[in-house]
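Working notes, beginning with the structure itself.
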């Protein structure tokens, strides 16, 4: 469950000598049981608990949680670790005074993104003997009851570890014993780690005692269960008393012995019930199994806005004027500083360039657009029906000094190939699918353009423009590698062809892809340099992601869509002359969405819907 290796924590005061609170401690904790960290004040026991709970950062060593090292954990990961696995019980309670008992307990569940129902709250209150106290405020409870509220708050999220720092320090002995009795019950199926200086309680309740002094472990023992001694228990008759061992049941023979003893004594006797005395031995840590990390899973902390606002407002009760003025002055100062810094250093060209470099974008997509309408409110730029001519592409080459390739897209075209792979492939069923389902158009690919664009032929050969051949990108090929390939349905066939396994780009060469009723043979697979692994995090996206993760996922998916719809990665690449053939065969009549009438599109030099420049 929990393990430390050479854990070290040193405090560096501004003045004075550094203090080593935890000095290279190595421990392994079991899956369940009650473990006491025992020691005098300043021994390092509370620091050790804070390190185990991620409340403080260690300087050296590592903490291993369910087989996973926390050496590279961020503070957010430690927050998630505490939210998932740890329930804390503090000596000072740390109960929110402005919340009711039920709201205090419910907050722990809400941090896990769960809903705290009345049934859950009533059950947990019943567990700690506080049934019916859910609507009370903490100031209406006794110290022992507030401590049990803290225990309930730790238990409600069902943690595997409970950490308690002097849980009975502010309670009387009877109430403290009740708290320990409750924790002892919980230790039957959870790991309970308690910091205490009370040796009597430790030896009575502990399954294991780890004693610290000057930041080091000086004693590590575990309780021994001796069933043989239990069988040898018997009554002890003393001068004027009878001692009955713990957990001992009187027999008929014992009753007769007691009567005989009393007859002889004639003055009466005192019955003594001695406390439990445990036997301890050196802890055998080798008997505690290690974990491989397969069961490690974190739940991100999500504080509801309503609760956060309520907690924030409650802080205004203390030194309200100073707090408000500090906030206002800070907001004004930082706003002015940010504005000055932004206006003085911002360069929009540099910002766009840096964004392209950071995203590893190696292409530019150029569309032709015209201004429609008139006036400030009714005018807009439209790309519908606009195509780039050969002359305009040549002008782009001269202006940029970059190789330019045109992309032909038929009007109302649908270059989808979803019928030729397994659309039910489970890994594709995600919020943000990262596989190609269609081509964005046709683009000519020659040996010269292959070299100009810095592409590589991954398999096969370049397409022949005189034939119905295409080359596809490795990104498009990846769809068939993962979800299989199915040949187009031929006339007369009643059933779908069998799904074929594609093991590599080589296996895709020679396969047929049907686009707009035309069967194209895949002559080759081209590596366009598109890194599809960049979008792997989108496969793990879920509805439970944080708002920040959702924004990142959305932007990343938008980048993926643009890359596959506006670059040669998403194009069907054909041989020289094939695009001109497609242009000539395109229907010249189409419906214009202007005033509802039918218009004629006359043939012109305009050929390409988009063009791409590689740099």
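Within the stretch 286-298, residues that are surrounded by fewer than 14 Cβ atoms within 10 Å (Cβ to Cβ) reach partners that are modelled with pLDDT of 80 or more and in a helix (DSSP H, G or I) with beta carbons closer than 9 Å, at six or more positions or on different chains, in the pairs 297/84.
Among the residues of the stretch 57-72, just one is within 19 Å of residue 47 (Cα to Cα) and modelled with pLDDT under 90, namely 71. Report yes if some residue within the stretch 471-480 is exposed (fewer than 15 other Cβ atoms within 10 Å of the Cβ), in the same structural domain as residue 574 (by TED's automatic domain parsing), over 30 Å from residue 585 (Cβ atoms) and in contact (Cβ under 8 Å) with a residue 24 or more places away in the chain; otherwise report no. Among the residues of the stretch 471-480, not one is exposed (fewer than 15 other Cβ atoms within 10 Å of the Cβ), in the same structural domain as residue 574 (by TED's automatic domain parsing), over 30 Å from residue 585 (Cβ atoms) and in contact (Cβ under 8 Å) with a residue 24 or more places away in the chain, which makes the answer no.
Do we find that residue 136 is under 21 Å from residue 149 (Cβ atoms) and crowded, with 19+ Cβ neighbours inside 10 Å in this structure? Answer is no for this residue. When the stretch 183-197 is limited to residues that are surrounded by fewer than 18 Cβ atoms within 10 Å (Cβ to Cβ) and in contact (Cβ under 8 Å) with a residue 40 or more places away in the chain, the one that is farthest from residue 127 (Cα to Cα) turns out to be 197. Hey, does the stretch 436-459 have a residue that's within 24 Å of residue 410 (Cα to Cα), surrounded by fewer than 21 Cβ atoms within 10 Å (Cβ to Cβ) and within 38 Å of the chain's Cα centre (by Cα)? Yes: one or more hits.
Taking residue 577 as the residue in question, decide whether it is at pLDDT 90 or above, within 26 Å of residue 468 (Cβ to Cβ) and in contact with a helix residue (DSSP H, G or I) (Cβ under 6 Å, 6 or more places away or on another chain). So residue 577 fails the test. Taking the criterion of being touching a helix residue (DSSP H, G or I) at 6+ places or on another chain (Cβ under 9 Å) and at pLDDT below 85, the only residue of the stretch 405-422 that qualifies is 410.
Yes or no, residue by residue, for (1) surrounded by 15 or more Cβ atoms within 10 Å (Cβ to Cβ); (2) outside the structural domain of residue 148 (by TED's automatic domain parsing); (3) over 20 Å from the mean Cα position of the chain (by Cα):
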position	(1), (2), (3)
7	yes, no, yes
20	yes, no, yes
25	yes, no, yes
33	yes, no, yes
48	yes, no, yes
76	no, no, no
82	yes, no, no
98	no, no, yes
101	yes, no, yes
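Only one entry in 433, 488 is surrounded by fewer than 20 Cβ atoms within 10 Å (Cβ to Cβ), more than 41 Å from the chain's Cα centre (by Cα) and at pLDDT below 95, namely 488.
For the stretch 446-461, residues that are within 19 Å of residue 478 (Cα to Cα) and not in a strand (DSSP E or B) total 2.
All of 420, 398, 410, 429 fail the test of being under 30 Å from residue 477 (Cβ atoms) and without any contact (Cβ under 8 Å) to a residue 24 or more places away in the chain, apart from 429. So, residue 162, is that one under 35 Å from the mean Cα position of the chain (by Cα), under 30 Å from residue 542 (Cβ atoms) and either crowded, with 20+ Cβ neighbours inside 10 Å or in contact (Cβ under 8 Å) with a residue 24 or more places away in the chain (or both) or not? Criteria met by residue 162.
Set side by side, the residues 133, 99 differ, and just one is outside any helix (DSSP H, G or I), at pLDDT 90 or above and farther than 21 Å from residue 50 by Cα, which is 133.
Every residue, every condition in (1) touching a strand residue (DSSP E or B) at 6+ places or on another chain (Cβ under 7 Å); (2) buried (at least 16 other Cβ atoms within 10 Å of the Cβ); (3) under 30 Å from residue 542 (Cα atoms), yes or no:
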{"residue": "375", "(1), (2), (3)": "no, no, no"}
{"residue": "391", "(1), (2), (3)": "no, no, no"}
{"residue": "401", "(1), (2), (3)": "no, no, no"}
{"residue": "405", "(1), (2), (3)": "yes, yes, no"}
{"residue": "426", "(1), (2), (3)": "no, no, yes"}
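The values are calculated or read from the model by the stated rules, or taken from the named source; none is laboratory data. Keep in mind that this is a model prediction, so the values were computed, not measured. Positions of Cβ are backbone-derived with ideal geometry, glycine not excepted, and every protein chain shown enters the neighbour counts.
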